[in-house]
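To start, the structure under review is shown below, and the notes come after it.
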Amino acid sequence: MFTKETLLLVLAAALCYLLYRRISRPRDDDSRAAKLMKKYKELTREKLNDTDDDELVEAVVSHVLALAAENRRPDPQKELAFLPQPYTVVYSIWAVGKELARTDYKGLTHTATKALVEPAVDGLPVIGAPATAAALAELKAAFEAKEDVTEATAAYHKAVEQECPLTLCVSYIRDHIPELLGEEPEETPALPETEETTDEG
């Protein structure tokens, strides 16, 4: 018959085992992120055209993350410096929006995403979200001035709800596939010049 001490040891061992399994088992989010990085490591026009709208932003983001993962010290922000501008627009808006959806601005400043706030402020009007850009800029300014950011935070979230930046990013990506792929823009054929004639009396 087990003693009380033996039962406690068995229970403790069982709890340790369950905790270990939980920590060591890949989370669904991590597994999905890895699959997306593998899927979108190489981007082509056909692949972007065939990607559903609800996965298109993740496709662009995953491409950046996949390229960064090839380096000894993966840094998506450094990778953006070598990519066409639309990547910075989409990635910064996605990253800042994701952080502010899960934490407050102070929490954001303790992450690497803080360096993407300015690019996001610049990129939001480009995709058609000027109110979100203005609200984010005001939130940043209020925090840096050590003011109460309650109203600025609420204004930012209200702007995001109204403008839906990630939805706008989908249209932006569709419109900028050539730039994302580093293709040269097609030149518009010049119209033939017409000679002006004058009537001689």
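Annotations for the structure displayed:
- For the pair Leu181 and Ala134, the difference between a 0.36 nm per residue extended length and the Cα-Cα distance amounts to 13.9 nm.
- Potential lengthening between Asn71 and Ser31 on full extension [0.36 nm per residue; Cα-Cα distance subtracted]: 12.4 nm
- One decimal place: the segment His157-Lys106 gains 16.8 nm when fully extended, by the rule 0.36 nm per residue minus the C-alpha distance.
- Mean separation of Cα contacts under 8 Å (6+ apart) over length of segment 32-118, as relative contact order %: 23
- Local net charge near Tyr91, Cβ-Cβ under 15 Å (Lys/Arg +1, Asp/Glu -1): -4
- Per DSSP, loop trypsin sites (Lys or Arg not before Pro) in segment 102-182 with at most 14 further Cβ within 10 Å: Lys146
- Phi-based couplings in Hz for segment 54-66 (Karplus 6.51, -1.76, 1.60; Gly and Pro marked x): 6, 10, 5, 5, 5, 5, 5, 4, 5, 4, 4, 5, 5
- Gyration tensor verdict on segment 17-165 (Cα atoms; rounded if a/c is under 1.5, prolate if a/b is larger than b/c, oblate otherwise): oblate
- Other residues lying with their Cβ under 10 Å from the Cβ of Leu36 contribute a combined charge of +3, Lys and Arg counting +1, Asp and Glu -1.
- Each residue of segment 42-49 was assigned a 3J(HN,Hα) from its phi angle through the Karplus expression (A = 6.51, B = -1.76, C = 1.60, θ = phi - 60°), giving 10, 10, 10, 4, 4, 5, 5, 5 Hz with x at Gly and Pro.
- For segment 75-143, averaging the sequence separation of C-alpha pairs within contact (under 8 Å, six or more residues apart) and dividing by the residue count gives a relative contact order of 31 percent.
- For Asp104, no residue has an amide H sitting under 5 Å from its own, ignoring neighbours fewer than 5 places away on the same chain, with H placed 1.01 Å from N.
- Farthest towards the positive end of the charge dipole of segment 39-82, among the residues Ala69, Ala59, Thr44, is the Cα of Ala69, using unit charges on the Cβ of Lys, Arg, Asp and Glu.
- In the context of the full protein assembly, Asp175 retains an accessible surface of approximately 110 Å², using a probe radius of 1.4 Å and ignoring ligands and nucleic acids.
- Segment 158-170 - phi-based ³J(HN,Hα) in whole Hz, Karplus 6.51/-1.76/1.60, Gly and Pro as x: 5, 5, 4, 5, 6, 9, 6, x, 5, 5, 5, 4, 4
The values are calculated or read from the model by the stated rules, or taken from the named source; none is laboratory data. Remember, predicted model here, so these are calculated numbers, not experimental data. Here the Cβ is made from the backbone with ideal geometry for all residues, glycine too, and neighbour counts use every protein chain on show. For the accessible areas, the whole protein counts, side chains as well, though only heavy atoms, and no ligand, DNA or RNA atoms are used. Shrake-Rupley method; radii C 1.70, N 1.55, O 1.52, S 1.80 Å.
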